[in-house]
Every structure is written in structure tokens, then in C-alpha cells.
Amino acid sequence: MVESSSPPEPPTRRGRETRDRIVAAAAELIYRRGEGEIGIRDVKEAAGVSGSQMTHYFPDRDSLIRAVVAYRSREVLEFLSQPDIDGLDSLAKLREWGRLTVERQRERGTEGGCVLGSLVAQLSERDEVARAEIAEGFDAWIGGLADGLRRIQAAGEIGPEADPDELATGLIAALQGGYTLAQASRDIAPMETAVFSMIDHIESFWRGRGPRAKKTP
Amino acid sequence: VTASADTLRHMPQAASSNSRLTAKGRATRARIIDAAARLMYENGAANTSFEDVRKAAKASGSQMSHYFADKRSLIRAVIAHQADAVMADHHDPAIGNLDSIAALRTWAQRIVEQQRAQNFEGGCRLGSLAAELVESDAELRADFAAGFERWEALLRRGLLAMQQRGDLGPDADPDALACSLLAAAQGGYLLTRTHRDAHALKVALGAAIDHIELLTIEAGERSIGLPEP
């Protein structure tokens, strides 16, 4: 789990709820309109909080942006542990994760990209702390998938020569590239193709029948 | 400083709008686009003003408005220009027609080296601009889609050649594989830009090419069919 460097958790439940409402509103506005287009006032109005509440929880814009990065990082991890995929310990569950991920994007009409990935273009070249936190978010996400692949490996569905960390990285990259191509073409097909072609590749390690590719230098 | 700046100069122009210009006019227009492409790549389109571009291109206000009605028309020219630049990057004897596993591996290596040369900042010059602007309007979105499609077509051509030659099995789907390769590159660029290191880009492209390699048929297997795995 990625912890943000924003102020500590509010002590009361009500405080946490207010804080979470602000972060969720900011995340949504940034996703829909872009970070550059959003003022603190927009967030305040969307979250229905007062100016003093805003400054109490987020003394400056940076602390809010960092909380949004942490929120999106948690969101992609939570998607990975939803009931239908929980435990991610079989190739069938991995396919189900791919299907649900693609399905959600189809429902959005391929508008907007990945909730975490879309922050990269907006923040990575001008907010070094945010960039590093997005990178941590991706690490946790890839790590979560890699843990799943290790369980799939332990269950014997894929062979010991498969490298879970590399395959998980490849899968998240395929997904990110898929989002980009689906957004540009307004067609879900490239995302579906990219994700499932990588899952097919993972399946090619089925019970130790590893790819020949691994043997070449 | 980015790697794009000097390769950009040699790019073929998007053919349409400047065919009626004089040589000098074309040069001025190209200089403006070149400056705009560089600034937008380094700072983002949102942080690049018409005036920034004018200064960087050492153009006059009337030259700017003569060639580009507004920032948006300049952005469209930059998208076409970056797509041309991506295509030109593939005119490299070392990667030939991208029609072998070895050529694909070299292609991947070139992409990683290019990112390393710019300290893993900025990402793909077409993809990063797309990430920023693809949702702004339908026309720009279509410009990006056309750019990606040219890139994918180039990858597809190499894979089709491999299949026609019998290197790739008849079950392989060059359309899907080309799409997956391009997605791996785009996702790899994004992760590498985020992490500021080569790892994800290398691994993503490697896995996509491994997958294609699995579908290849070695010379010895061709006459006798695929052996049992």
C-alpha cells in the first residue's frame, strides 16, 4: 500500500470522511478536466466543504495532489482484490481481472485513460515528488499482480521458469498502452487485444511448457 | 535537451497544407513546427504558448499568423510532425523492415537507448502528446489515432512478411501482434517515464517480442510440422 506524504489521518471518523470526500472530488475533477484546469475552489465546491475545512486538511495544492495519487494507487489495488478475483491464484481469475478491466473501460466509452496512468502525463515532468509517488503506485500494483502470479505458479498452473515480476510489469505496460490506443481510436479492441495477448503469453508458461524465447540470449 | 530535436529536422512534412508554399515559406513553417514540437515535448502543450513558439522559432508575429491561424492549428501540425518523426526513426538499416525476431529485438533496444539518452524524461513524442491532448476534441483525437495507425501498420508489415516467409506460423495474427507490440511500447514508455529507468520499457517490449517468438517456426520444424511442445 502506498502511503502519501500528506498530513496524518484525521483522528475522528467524521474528519476522515471529510478528507476522503475532498480527495475523491479532486481525483474526479482531475480525471475529467485535467490537473491544470482545476482550482482549489472547484474542489471545494464539488466536495461541498468550507474554505477552512479545505485548508485544514490540505494546507497547499501539493498535499492535495499527493493525496489524489495515493487515492488512485489504492483504487487500482482494490480493483485487483475485488470478490471475483480475490486471492488471484488461478489463470481463470487473471483472465477475469483482464475482462473486468476491459469491461469497465468499454462502459466508459473508452473516454479517459487509466485513473493512475493518466496522472503521469499531467504531473511527472513538473512535480518530482508526485512522479515518485505515481511510480510507487505502479510498483504496488505490479507487485500485487506479481504476487498473484507467484500464487498461480505455486498452484502449478505456470512453470517455475516464468518470472512473475517481469510478466506483471509486461501486463501492466500492455494495459497502459491499451488504454492509450483505445482512447485515441475510441475503440476498445486494441486494449482488449493488448491485455489478452499478454495474458496468453503468461498462459504459455502453462505447467512448465515455457516459451522457447526464454532460451535465446 | 531531448533526442527529438535533431532528428525532427529531417522529417518529411505532412504533405497536405504546404504544397503551395515557396521553399522559403516551407522552411519558415517547418522551423515554427520544429520549435513548437520541441517546446510541447519538453513542457507540455498546455504550458507552451503561441508566443513561446514564435520566440523559439525566431519568427515574426505576421509569419506565425500567416502559417497558423491559432494554437490549435499549430498543435495539429505538431501531431502530424511527431507521427512523421516516429516513422522516420524506423528508417534505420539496423532494424530493416522489422521482419525478424532479431530486428524486433534491435528495434526494442533502440527505443530503450533513445529514452536513456534523454534520462527517461518525456516518454514517447507521439504518445505523451496524446496523453495530454487526446480527450480535447474529436479532430485531435483522430489525428492521434491516424499517427498510431501508421506506426502499427509499419509493425504489421514486418510481421506479415515473417508470416509469408513461413517464419511465423499460420495461426499467428499479425494485426493483433502489431497492436500488442505498439501497446507494449506505449505502456513501457509511460512506466519508464514514471520510474525514470529503463526496466519497464525493456521488460514490456521483451515480453511482447517473446510472445511473437513463441509463434515462430524454426527452419527445421517447417517440413515436419511443429513438434509436440
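Among the residues of the stretch A:105-138, those identified as surrounded by fewer than 21 Cβ atoms within 10 Å (Cβ to Cβ), touching a residue at least 24 places away in the same chain (Cβ under 8 Å) and among the charged types (D, E, K, R) are A:106, A:111, A:127, A:136. Checking the conditions here, which among A:75, A:45, A:17 is on the phi < 0 side of the Ramachandran plot, surrounded by fewer than 18 Cβ atoms within 10 Å (Cβ to Cβ), part of a helix (DSSP H, G or I) and under 19 Å from the mean Cα position of the chain (by Cα)? Matching residue, one of A:75, A:45, A:17: A:75.
Residue by residue, here is whether (1) within 12 Å of chain A (Cβ to nearest Cβ); (2) at pLDDT 95 or above holds:
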| site | (1), (2) |
| --- | --- |
| B:143 | yes, yes |
| B:147 | yes, yes |
| B:162 | no, yes |
| B:171 | yes, no |
| B:184 | yes, yes |
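Within the stretch B:96-122, the set of residues being farther than 26 Å from residue A:120 by Cβ and without any contact (Cβ under 8 Å) to a residue 60 or more places away in the chain comprises B:96, B:102, B:103, B:106. The conditions of being within 19 Å of residue B:141 (Cβ to Cβ) and in contact with a Gly (Cβ under 9 Å, 6 or more places away or on another chain) are not met by residue A:168.
Scanning the stretch B:109-130 for residues that are among the hydrophobic types (A, V, I, L, M, F, W, C) and within 12 Å of another protein chain (Cβ to nearest Cβ) yields B:120, B:124, B:126, B:129, B:130.
Among the conditions (1) of a type in the set (Gly, Ala, Ser); (2) more than 15 Å from the chain's Cα centre (by Cα); (3) over 16 Å from residue A:66 (Cβ atoms), residue A:168 misses just one, which is (2). The set of residues in the stretch A:173-194 that are more than 7 Å from every other protein chain (Cβ to nearest Cβ) and β-branched (Val, Ile, Thr) contains only A:188. Within the stretch A:80-109, the residues that satisfy the criterion of being within 14 Å of chain B (Cβ to nearest Cβ) and either closer than 17 Å to residue A:193 by Cα or among the polar types (S, T, N, Q) (or both) are A:98, A:101, A:102, A:105, A:109.
Does residue A:112 satisfy the condition of being more than 10 Å from every other protein chain (Cβ to nearest Cβ) and either assigned to a loop (DSSP other than H, G, I, E, B) or under 13 Å from the mean Cα position of the chain (by Cα) (or both)?
Values: more than 10 Å from every other protein chain (Cβ to nearest Cβ): no; either assigned to a loop (DSSP other than H, G, I, E, B) or under 13 Å from the mean Cα position of the chain (by Cα) (or both): yes.
No.
Examine the stretch B:188-197 for a residue that is more than 7 Å from chain A (Cβ to nearest Cβ) and surrounded by fewer than 20 Cβ atoms within 10 Å (Cβ to Cβ), and state whether such a residue exists. Yes, because at least one residue in the stretch B:188-197 is more than 7 Å from chain A (Cβ to nearest Cβ) and surrounded by fewer than 20 Cβ atoms within 10 Å (Cβ to Cβ).
Between A:126, A:131, A:150, which is charged (D, E, K, R), within 24 Å of residue B:119 (Cα to Cα) and part of a helix (DSSP H, G or I)?
Numbers: A:126 fails: part of a helix (DSSP H, G or I); A:150 fails: within 24 Å of residue B:119 (Cα to Cα).
Result of the check over A:126, A:131, A:150: A:131.
Flag: residue A:61 matches the condition of being over 16 Å from the mean Cα position of the chain (by Cα) and either surrounded by 15 or more Cβ atoms within 10 Å (Cβ to Cβ) or not polar (S, T, N, Q) (or both).
The values are calculated or read from the model by the stated rules, or taken from the named source; none is laboratory data. Source: prediction; values computed, not measured. As a convention, Cβ positions derive from the backbone with ideal geometry for all residues, glycine included, and neighbour counts pool all protein chains shown.
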